[in-house]
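The block underneath contains the structure these notes are about, expressed in structure tokens.
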Amino acid sequence: MNPVIEAIKNRRSTRKYAPEMLSEEHLTAILDAGLWAPSAHNDQGWHLTVLRNKEMIEALNTDTKAALLSSPLDWARAMGQSPHFHVFYHAPVVIVVSGRNSALSPLADCCAAIQNMLVAAESLSIGSCWIGLCRNLFAKPDMLKKWAGLLKLPQGHTPQFCVTLGNKTGFPPKPPNRAENTVNYIN
Ligand SMILES: Cc1cc2nc3c(=O)[nH]c(=O)nc-3n(C[C@H](O)[C@H](O)[C@H](O)COP(=O)(O)O)c2cc1C
């Protein structure tokens with residue numbers, strides 16, 4: 001199979017990581033793949049903050065779980081309450097993906113960069129997971145201000161999603177079935 005399509009199909013959300021740090025070479029290659037994503041109006045409206053500091057990742061986990069407690073969704077509140085649940089699955093690297101507010105479509109740009117990074121990670125046999133739960137945290141104005149400062153975000157940027165990265169451990173997750181009837185043709 002074509003290696004790009006193979007990486008796209010083999011990529012799974014990894015939720016169990018080995019504790020060791022990614023090599024600088026792998027991390028740089030993954031970040032670079034993100035920066036080569038398409039973007040609306042070529043605005044490249046993304047900013048990537050690489051967290052490798054364990055204490056900072058733990059603090060982000062703690063604050064995100066606290067934010068989940070006020071979610072209207074039962075399952076999200078349950079995740080916030082669970083002592084075992086870790087929003088970032090103890091991954092050694094968490095990338096916070098922020099959008100530049102002045103870009104035409106910062107959210108779409110960030111999503112394109114994230115997908116590039118996930119596929120690049122798979123191509124290097126590195127595990128990754130797209131983390132949306134952190135949006136509960138960034139939706140809270142006081143937390144947004146606190147974390148924009150801690151992450152040293154450039155002015156005019158808003159955190160959108162996180163991505164976990166690390167070496168895979170354990171069995172790979174079973175691929176979910178594909179939803180049916182999601183393509184139609186007009187010839
Ligand atoms: C926008 C978005 C947000 C997501 N947020 C989370 C998350 O917070 N935690 C998590 O474990 N997985 C998260 N995922 C991963 C999905 O759960 C996963 O992609 C889906 O279950 C399909 O599994 P696969 O990635 O292994 O194909 C997110 C995916 C997307 C696209």
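Every read-out reported here was derived from the displayed coordinates using simple, explicitly stated rules and does not represent laboratory data. Only a predicted model underlies this, so the values are computations on that prediction, with no experimental measurement involved. In this analysis, Cβ positions are derived from the backbone assuming ideal geometry, glycine residues included, and neighbour counts consider all displayed protein chains.
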- Task: Look at SER102 and say whether it is within 16 Å of the ligand (Cβ to nearest atom), part of a loop (DSSP other than H, G, I, E, B) and among the small types (Gly, Ala, Ser).
- Result: no
- Task: For LEU48, state whether it is within 17 Å of THR164 (Cβ to Cβ), surrounded by fewer than 18 Cβ atoms within 10 Å (Cβ to Cβ) and in contact with a Gly (Cβ under 7 Å, 6 or more places away or on another chain).
- Result: yes
- Query: Which residue out of LYS146, LYS152 is out of contact with any helix residue (DSSP H, G or I) (no Cβ under 7 Å at 6 or more places or on another chain), in a helix (DSSP H, G or I), more than 16 Å from the ligand (Cβ to nearest atom) and not acidic (Asp, Glu)?
  - Reply: LYS146
- Which one of the conditions (1) more than 25 Å from ALA7 (Cβ to Cβ); (2) in contact (Cβ under 8 Å) with a residue 60 or more places away in the chain; (3) assigned to a loop (DSSP other than H, G, I, E, B) does PRO83 fail to meet, given that it meets all the rest? (2)
- Query: Does region 1-26 hold any residues that are surrounded by 13 or more Cβ atoms within 10 Å (Cβ to Cβ), β-branched (Val, Ile, Thr) and either away from the ligand (no atom under 16 Å from the Cβ) or closer than 15 Å to ALA91 by Cα (or both), and which are they?
  - Reply: THR14
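Okay, residues lined up against (1) in contact (Cβ under 8 Å) with a residue 12 or more places away in the chain; (2) crowded, with 19+ Cβ neighbours inside 10 Å:
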| residue | (1), (2) |
| --- | --- |
| SER123 | yes, no |
| SER128 | yes, yes |
| ASP142 | no, no |
| GLY149 | no, no |
| LYS152 | yes, no |
| THR158 | yes, no |
| PRO175 | yes, no |
| THR182 | no, no |
